[in-house]
Amino acid sequence: VFAHIVLAPEDPILGVTVAYNKDQSPVKLNLGVGAYRTEEGKPLVLNVVRKAEQLLVNDQSRVKEYLPITGLADFNKLSAKLIFGDDSPAIQENRVTTVQSLSGTGSLRVGGEFLGKHYHERTIYIPQPTWGNHPKIFTLAGLSVKSYRYYNPQTKGLDFEGMLEDLGAAPSGAIVLIHACAHNPTGVDPTVEQWEQIRTLMRSKGLLPFFDSAYQGFASGNLDSDAQPIRMFVADGGELLAAQSYAKNMGLYGERVGALSIVCRNADVASKVESQLKLVIRPMYSSPPLHGASIVATILKDRNMYDEWKVELKSMADRIISMRHQLFDALNSRGIPGDWSHIIKQIGMFTFTGLNPEQVAFMTKEFHIYMTSDGRISMAGLSSSTVPHLADAIHAAVTR
Ligand code: PMP
């Protein structure tokens, strides 16, 4: 009965790793993965995460019962505080509902399904370009996906005019997906002044912000500044959605731990919204997993562990920033034509190099360097020892 089924294409991002794994070359380099690697190229489990896991294992009173549909209550409270700030007026007024979900992706999907069912305007605007999963998530959630201009390939920076024009032309009430920080794949974020203009425009048109926060603390090393755009939109008293992921900032990728928060007009609306979120979640996966959320809650509620996390988080962010500088210097020292300053200006895990698909294919074939065909490289996958190889490959690709 399944003989008619055609082979589906590999996911464009995950497929990069599949190709990398098949390559036998000793110099092969995987810059496609969106996961942190140490200077030695190894995955990292944070010390504070190990510590939290040890505490959890040693606590004999812990059981493996199901969590409620909305997840671990402590985790939800602490996650809302982390993203909106300790003194957030929306939290104090009880008008935020937060549900634990399956990392960033699951939170976006639950939010999308909720909007598809209960929100009057079914159009969501996503930046062009954006993380490849966004259009699929929201289409399957029943929303109609449109895009707004975001990136200018000429300047390798923000197309701010284009963005304002497209948001200004969106139907009133439309949903707008916003990367809270460290835009993926471009690494280009608006400045605080630009956020303020975006906020004013969106609120004046009644556009509903849906923030995707996959890199809080991972972009700048500072949890508060990476959440600033979201907090600006909370401070004006308006409504919004926010999807949070602990994949990158706590290195909990495979634990699938994240949260969806919806900031509502008042506490009564928030409790009704939560009751409907339960109806979205129950038939989807019943309730979320326990372990990852317990790790996060253990760390966030203990002052010392929280401080330890911030130090480890900053050291990941700093290593990535240092890779940007090392690559930039290596390209300059080779006298490679063109302006490569975007490498040090862009923010977060990825650099949008500006290399075209032919140059990417050349680098993969000749230098065994793997990345997505849009020229996005993961700075977290680089180390001091691999920067020269990458710089040589870029040199050869652009002067070919
Ligand atoms: N949003 C963006 C922009 C991302 O880059 C990612 C991870 N690549 C996610 C959401 C979701 O990741 P996860 O589901 O692993 O938390």
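The values are calculated or read from the model by the stated rules, or taken from the named source; none is laboratory data. The model shown is predicted, which means the values in this text are computed figures rather than measured ones. Quick reminder, even Gly has a Cβ in these numbers, built from the backbone with ideal geometry, and neighbours come from all protein chains shown.
Which residues, counting only those in the range 363-400, are surrounded by fewer than 17 Cβ atoms within 10 Å (Cβ to Cβ) and of a type in the set (V, I, T)?
T399
Being modelled with pLDDT under 95, closer than 22 Å to E40 by Cβ and hydroxyl-bearing (S, T, Y): is that true of T372 here?
For T372, the condition - modelled with pLDDT under 95, closer than 22 Å to E40 by Cβ and hydroxyl-bearing (S, T, Y) - is not met.
For residues that are small (G, A, S) and part of a loop (DSSP other than H, G, I, E, B), tally how many sit in the range 364-400.
Count: 5.
Residues of the range 1-42 being of a type in the set (G, A, S) and in contact (Cβ under 8 Å) with a residue 60 or more places away in the chain, which ones?
A19, S25, G32, G34, A35, G41
Within the bounds of the range 318-329, is there any residue that is among the small types (G, A, S), assigned to a loop (DSSP other than H, G, I, E, B) and not assigned by TED's automatic domain parsing to the domain that holds S220?
So far as the range 318-329 goes, no, none of its residues is among the small types (G, A, S), assigned to a loop (DSSP other than H, G, I, E, B) and not assigned by TED's automatic domain parsing to the domain that holds S220.
Yes or no, residue by residue, for (1) within 16 Å of the ligand (Cβ to nearest atom); (2) buried (at least 22 other Cβ atoms within 10 Å of the Cβ):
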| position | (1), (2) |
| --- | --- |
| A52 | no, yes |
| G112 | yes, yes |
| R122 | no, no |
| I137 | yes, yes |
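Out of the residues in the range 73-101 that are of a type in the set (D, E) and farther than 25 Å from M284 by Cβ, state the one that is nearest to the chain's Cα centre (by Cα).
D86
List the strands (runs of 3 or more DSSP E) that sit entirely inside the range 190-263 and contain at least 3 residues that are on the phi > 0 side of the Ramachandran plot and within 14 Å of the ligand (Cβ to nearest atom). Full working, then the answer.
Numbers: elements: 208-213, 240-245, 258-263.
Correct list: empty, since no element meets the threshold.
Under 7 Å between Cβ atoms, at least 6 apart or on separate chains: pull out the pairs that start in the range 333-350 with a residue that is without any contact (Cβ under 8 Å) to a residue 24 or more places away in the chain and end on any residue that is within 16 Å of the ligand (Cβ to nearest atom).
Going by the 7 Å Cβ cut-off, the qualifying pairs are I343/T351.
Look at V296 and say whether it is modelled with pLDDT of 95 or more, buried (at least 21 other Cβ atoms within 10 Å of the Cβ), within 16 Å of the ligand (Cβ to nearest atom) and closer than 30 Å to R199 by Cβ.
yes
Just to check your reading of the model, which residue among L78, L67, L108, L55 is touching a helix residue (DSSP H, G or I) at 6+ places or on another chain (Cβ under 7 Å) and not assigned by TED's automatic domain parsing to the domain that holds M202?
L55
Take V99 and decide whether it is in contact with a helix residue (DSSP H, G or I) (Cβ under 6 Å, 6 or more places away or on another chain), assigned to a strand (DSSP E or B) and of a type outside the set (G, A, S).
Judged against the criteria, V99 is a match.
Can you tell me which residue among I83, I126, I91 is within 16 Å of the ligand (Cβ to nearest atom), free of Cβ contacts under 8 Å to residues at least 60 places away in the same chain, crowded, with 18+ Cβ neighbours inside 10 Å and not polar (S, T, N, Q)?
Values: I83 fails: free of Cβ contacts under 8 Å to residues at least 60 places away in the same chain; I91 fails: within 16 Å of the ligand (Cβ to nearest atom).
From the options I83, I126, I91, the qualifying one is I126.
So, in the range 13-50, how many residues would count as being within 15 Å of the ligand (Cβ to nearest atom) and exposed (fewer than 13 other Cβ atoms within 10 Å of the Cβ)?
Within the range 13-50, residues that are within 15 Å of the ligand (Cβ to nearest atom) and exposed (fewer than 13 other Cβ atoms within 10 Å of the Cβ) number 2.
Being at pLDDT 95 or above, of a type outside the set (S, T, Y), out of contact with any His (no Cβ under 6 Å at 6 or more places or on another chain) and within 16 Å of the ligand (Cβ to nearest atom) is the requirement here; does G106 meet it?
Taking the combined requirement at face value, the residue satisfies it.
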